[in-house]
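Before any comments, here is the structure.
The values are calculated or read from the model by the stated rules, or taken from the named source; none is laboratory data. Please read all numbers here as calculations on a predicted model, not as lab measurements. Here the Cβ positions follow ideal geometry from the backbone for every residue, glycine too, while neighbour counts run over all protein chains shown. These accessible areas exclude ligands, DNA and RNA; they are computed on the full protein's heavy atoms, side chains included. Shrake-Rupley method; radii C 1.70, N 1.55, O 1.52, S 1.80 Å.
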Amino acid sequence: MTKKVKYLISIIILCTAITLPLYIHSHQYTLENEESSIETHLNDWINKENDYREVIPAIIDIFQIGDSNTNIVLFQTDDENMIGYASYLKGWNGKLKAVHYSFGTDKIYFEDIQTNKGKYGIILGMNPNLLIDHINVDLIDKDLHYVVEVSKEERFLKYKKLPKKMKDHVYAELILKDDNSNPLEYTEVFN
């Protein structure tokens, strides 16, 4: 091969190595980072996979998790009976890519989420009549305990960065407390 052919092949390989990831990225991250676009997407996404009845999610709030590229959307269903979240990754182009959603009849629950800046624990839920002042979070088998303040929020999503050593799935025991730090029974709050 001549030097010109080798040079030309090198240029083609270099251009492909640069442009191919950008092309793939721009076709994965297509959702505008605006509440109305996210709500429309979330509605379509949930109902595409949900066969038993139409669910209309209403966004309560959108959170960027720390300084990561992960956004979490807290939403409630139209009948106000279920609460959930959806996670989206923000790309180089400023647009979003859908990753995961979850919702259900559990009024309070814990999830762990892997981001580009490490693992976070999120707690989301409802606080009817503001009966819950705070939640004690005990990560099972992880020797980590912390408190989440929710006294002024009827619907909430809280997150905490978890230590790097927590690589596997994390489970938590949530202990609901009133403003005198007395434990509340789940049925006391949600009946």
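So the values come out like this:
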item: Subset tally (residues that are closer than 28 Å to THR187 by Cβ and in contact with a helix residue (DSSP H, G or I) (Cβ under 9 Å, 6 or more places away or on another chain)) for the stretch 78-115; result: 5
item: Test: residue in the stretch 49-59 that is part of a helix (DSSP H, G or I), open to solvent by 10 Å² or more (accessible area, probe 1.4 Å) and either out of contact with any Pro (no Cβ under 6 Å at 6 or more places or on another chain) or among the hydrophobic types (A, V, I, L, M, F, W, C) (or both); result: yes
item: Pair list, Cβ < 6 Å and 6+ apart or interchain, from the stretch 100-113 residues that are open to solvent by 40 Å² or more (accessible area, probe 1.4 Å) to residues that are at pLDDT below 90; result: PHE103/MET82; THR105/MET82
item: Odd one out for ASP168 among (1) more than 22 Å from ILE38 (Cα to Cα); (2) touching a residue at least 40 places away in the same chain (Cβ under 8 Å); result: (2)
item: Enumeration of residues in the stretch 14-48 that are assigned to a loop (DSSP other than H, G, I, E, B), open to solvent by less than 80 Å² (accessible area, probe 1.4 Å) and at pLDDT below 90; result: TYR29
item: Residues of the stretch 81-93 that turn out to be closer than 18 Å to ILE62 by Cα and assigned to a loop (DSSP other than H, G, I, E, B), as a count; result: 2
item: Residue list for the stretch 123-159, filter: surrounded by fewer than 16 Cβ atoms within 10 Å (Cβ to Cβ), on the phi < 0 side of the Ramachandran plot and not in a loop (DSSP other than H, G, I, E, B); result: PRO128, ASP138, HIS145, TYR146, VAL147, GLU149
item: Members of the stretch 172-191 found to be surrounded by fewer than 12 Cβ atoms within 10 Å (Cβ to Cβ) and in a loop (DSSP other than H, G, I, E, B), listed by number; result: ASP179, ASN180, SER181, ASN182, GLU185, ASN191
